[in-house]
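The values are calculated or read from the model by the stated rules, or taken from the named source; none is laboratory data. Bear in mind the structure is a predicted one, so any value in this text is a computation, not a measurement. Cβ: placed from backbone, ideal geometry, glycine included. Neighbour counts: every protein chain shown. Note: areas computed on protein heavy atoms with side chains; ligands, DNA, RNA excluded. Shrake-Rupley method; radii C 1.70, N 1.55, O 1.52, S 1.80 Å.
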Amino acid sequence: MAERNQTTDRTLSHAISWQISQPLPADCEETCFGQLRSVTFGYCLHIVHDVQCVRRLQIQTTEPTGDAKSQVNTFLWIPHLHLLTAKLTAWTTCKVTLNIILFNILACKRLLCSLVSALYLSNKPFSICVVFDQANFFDEYQLEGVAPDANEICLEVTPENLSRALRTSQNAKCVKIKLTKKHCPCLTLVAELPTLSSVSRVVTHDIPVDVIPRRLWHDFKEPRMPDFDVSIYLPPLKTMKNVVDRMKNLSNFLVMEANLNGEMNLKIETDLVSVTTHFKDLGNPPWGDDGSQGRSQSRDPEVMAHTRVDIRKLQQFLMGQQVNPSKAMCNIVHKRIIHLILLHEDVSLQYFIPAVA
Amino acid sequence: MPLSTQSQTEGDNYVLVASLDNVRNLSNILKAITFKDHAIFNATPNGLKVTVEDSKCLQANAFIQAEIFQEFTIKEDSVGFQVNLTVLLDCLTIFGGSTVPGVATALRMCYNGYGYPLTLFLEEGGVVTVCKINTQEPEEPIDFEFCSTDVTNKVILQSESLKEAFSELDMTSEVLQITMSPSQPYFRLSTFGNSGNAHYDYPKDSDIMELFQCTKTQTNRYKMSLLKPSTKALALSCKVSVRTDSRGFLSLQYLVRNDDGQICFVEYYCCPDEEVEEE
């Protein structure tokens, strides 16, 4: 991975975006192009939710001299970052040991955010994958990856740091995220805050990241959609959550089963009690002609595919729902895996829960 | 009602079928007596009685009359079984405990008799949950032999101010002492804790005192750990009657109004603590 020395690089090729800072508050260290020093957490960053945010795109042509007029400002607008914030916040406040978020930045295509819990609850990791199209998120998106034939960057970051920075950016006029190099590689998040006066305030977060070397990238690819047996839309997540919360008091394991008739059952069974919740008329997503549907095409619509999972994992998935998805669906590979997919506008969140014996 | 189709699988073998349009009319009352895992259910044509006991010294009963249910059919004079109450409550509240206005969970409870599980059908918004809870042979509830003819002292209070007192009770006190007397202090609750003694006095002519019939001065102590669970019943109630008999046994009867304004009763019986002081 090339060195990231922005002071010498005027163009935006090595960073996702750049912001030139306005005069910073006195207790913030000096900033200049590429050498944004860290400021302590506690500053508020804000992100606007309004899609009508004014865009301004200008490119810096000179080194900043401290004179505001000679600096040219480049602003970004991130319309949906609050969604990412909400999801990340939800995951990190779930008391789940999510060790890492991996940002896998594919050139001009997608920003893929993969949450992997390495240690939570059991030896088997389950993984969550969020994919969103950068074009819907960022006004400006520039990337230069590792090599021309591998135009990607793969970063590992602690969710808490990132979510804290994003959370405090709720009402910023605009936010920029860039990959920088301080003492170590950092995701630098710079936000401009609205103020009452004409002089705006800029806050910077430096979030240390680890750069994942290319040889390990295969571990972090967007997971392939498995060959599922049944695909079905999920029932209202609130209802599911209420039911699963209660079932967790009664049993450690739950069986989820569904068929192509839009029926899904959640079942638990112990020595003391058996409980089955029946959802009907859920609908099955029409997957079209891709190969993964092959298995399910000749299937008897009445026959259920089922998988037995650790109920806490399903509960975690349901706990993280603070944003109502526009579509929520589930693919079941009989006795193997449950693949849950949430779509919200242009963000997809995928969640895999492996079967237990 | 969608649930009616479910009972076809059970055939006509049920000995008890009870249906409620709003399951909270049952679950809320049961929460008021959930301090032990197991509960004894006894159904008669009059309704349902649920009993929970603790260490042979405390007994709580909840009465839900047949009229409260939208359907209450019983094929025998008396149907009894024992179930795990915590499990039952988790099942009754399977769709969540919170109330959303206009949305109620309906319940149909079926029991086929000895050896069969208790089957619950719960429905909310088109989603149906079926629960089968294993039952056991019911134990015989203790008869505390509390006779209304033997009642020495009786008061009926509005629950509001007793709720305050009970929520503030000094839990470091091992006992709760109840003094009832035709003269001062009339009705007194006392605790003896680490920080000191506390007394709550309710004069007989106070507004909250609806009935005051005390014939003899009595002071009795009851284990705090036994009486503390009664706070849940108190919280639900609008009135409570406190009675003691010549042996010092305590009877607390709570009048509870459910979501639909109907009346149910919860009662607690408690033995006095070993060192009984009778003046």
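Could you pull out every residue, at least 5 positions away or on a different chain, whose amide H is within less than 5 Å of the one on B:Cys214? Hs are placed 1.01 Å off N in the peptide plane, and Pro or chain starts have none.
Answer set, sorted by chain and number: B:Lys154.
Go through region B:109-114 residue by residue and turn each phi into a ³J(HN,Hα) via Karplus (6.51, -1.76, 1.60, θ = phi - 60°); whole Hz please, and just put x for glycine and proline.
These are the phi-based 3J(HN,Hα) values: 10, 10, 9, 8, x, 3 Hz.
Under unit Cβ charges (Lys, Arg +1; Asp, Glu -1), what dipole magnitude, rounded to 20 debye, does region B:13-136 have relative to its Cα centre?
Numbers: 8 positive and 11 negative charges, 33 e Å.
So the dipole magnitude of region B:13-136 works out to roughly 160 debye.
Give me a comma-separated list of calculated 3J(HN,Hα) values for region B:154-166, in order, Karplus coefficients 6.51, -1.76, 1.60 applied at θ = phi - 60°, integers in Hz, x for any Gly or Pro.
Taking θ as phi minus 60°, the curve returns 8, 9, 10, 10, 6, 5, 3, 7, 5, 4, 4, 4, 5 Hz for region B:154-166.
Enumerate by residue number the GluC sites (Glu not before Pro) in region B:67-126 meeting two conditions: DSSP loop (anything except H, G, I, E, B), and at most 15 other Cβ atoms within 10 Å of the site's Cβ.
On the way: sites: B:Glu67, B:Glu71, B:Glu76, B:Glu123, B:Glu124; in loops: B:Glu76.
Filter output for region B:67-126: B:Glu76.
Which trypsin sites (Lys or Arg not before Pro) from region B:147-220 combine a DSSP loop assignment with at most 13 other Cβ atoms within 10 Å? Kindly include the intermediate steps, with their values, before the conclusion.
Numbers: sites: B:Lys154, B:Lys163, B:Arg188, B:Lys204, B:Lys216; in loops: B:Lys204, B:Lys216.
Those that pass, being in a loop and sparsely packed, are B:Lys216.
Any chance you could count the Lys pairs in region B:13-136 whose alpha carbons are under 24 Å apart, treating pairs 8 or more apart or on different chains as valid?
9
Anything losing 50 Å² or more of accessible area from the isolated chain to the full protein assembly: pick those residues out of region A:232-248, probe 1.4 Å, ligands and DNA/RNA ignored.
Correct list: A:Arg246.
Compute, for A:Ser298, the solvent-accessible surface of its heavy atoms (probe 1.4 Å) with the complete set of protein chains present, and express it in square angstrom to the nearest 10.
110
Of B:Gly196, B:Leu169, B:Thr217, which is farthest on the positive side of the dipole of region B:151-270, counting Cα position, with +1 on Lys and Arg Cβ, -1 on Asp and Glu Cβ, and the Cα centre as origin?
B:Thr217
May I ask you to list the lysines whose Cα is less than 20 Å away from that of B:Lys204, ignoring any residue fewer than eight positions away on the same chain?
B:Lys154, B:Lys163, B:Lys216, B:Lys239
Which cross-chain or sequence-distant (5 or more) residues have an amide H under 5 Å from the amide H of A:Ser169, H modelled 1.01 Å from N in plane?
A:Leu45
Calculate the FRET efficiency for B:Asp201 and A:Asn171 from the Cβ-Cβ distance with a Förster distance of 41 Å, rounded to the nearest 0.05.
0.15
I'd like the interface area for chains A and B: accessible area of each alone minus the complex, both sides summed, 1.4 Å probe, protein heavy atoms only. What is it in Å² to the nearest 100?
Details: alone 16770 and 12900 Å², together 28240 Å².
Between A and B, the summed buried area is about 1400 Å².
From a point 7 Å beyond the Cα of B:Phe192 in the direction of its Cβ, which residues of region B:224-255 have a backbone N at a distance under 13 Å?
Within reach of a label on B:Phe192, which here means backbone N under 13 Å from a point 7 Å along Cα→Cβ, region B:224-255 contributes B:224.
Given the DSSP H assignment, sum -39500 (n - 2.57) over each helix run of at least 4 residues in chain B and divide by its residue total; what's the result at 222 nm in deg cm²/dmol, nearest 500? If you can, show how the numbers build up before the last one.
Values: 5 runs with 37 residues, N = 279.
After summing the helix terms and dividing by the residues of chain B, the value is -3500 deg cm²/dmol.
Hey, can you grab everything whose amide H is under 5 Å from the amide H of A:Asp139? Only 5+ residues off in sequence or another chain; H modelled, so Pro and N-termini drop out.
Residues meeting the amide H criterion: A:Trp77.
Nearest 20 debye, what's the magnitude of the dipole of chain B about its Cα centre given +1 on Lys and Arg Cβ and -1 on Asp and Glu Cβ? Numbers along the way, then the final one.
Working: 21 positive and 38 negative charges, 69 e Å.
For this selection, approximately 340 debye.
Expected output is a single nm value to one decimal: the length gained when fully extending between B:Thr149 and B:Lys36, i.e. 0.36 nm times separation in residues minus the C-alpha distance. What is it?
Working: separation 113, 0.36 × 113 = 40.68 nm, distance 3.05 nm.
Gain on extension, B:Thr149 to B:Lys36, equals 37.6 nm.
List nothing, just return the count: lysine pairs in region A:191-277, 8 or more apart or interchain, with Cα separation under 28 Å. Don't skip to the answer; put the middle values down first.
On the way: A:Lys238/A:Lys248; A:Lys238/A:Lys267; A:Lys241/A:Lys267; A:Lys248/A:Lys267.
Here the count comes out as 4.
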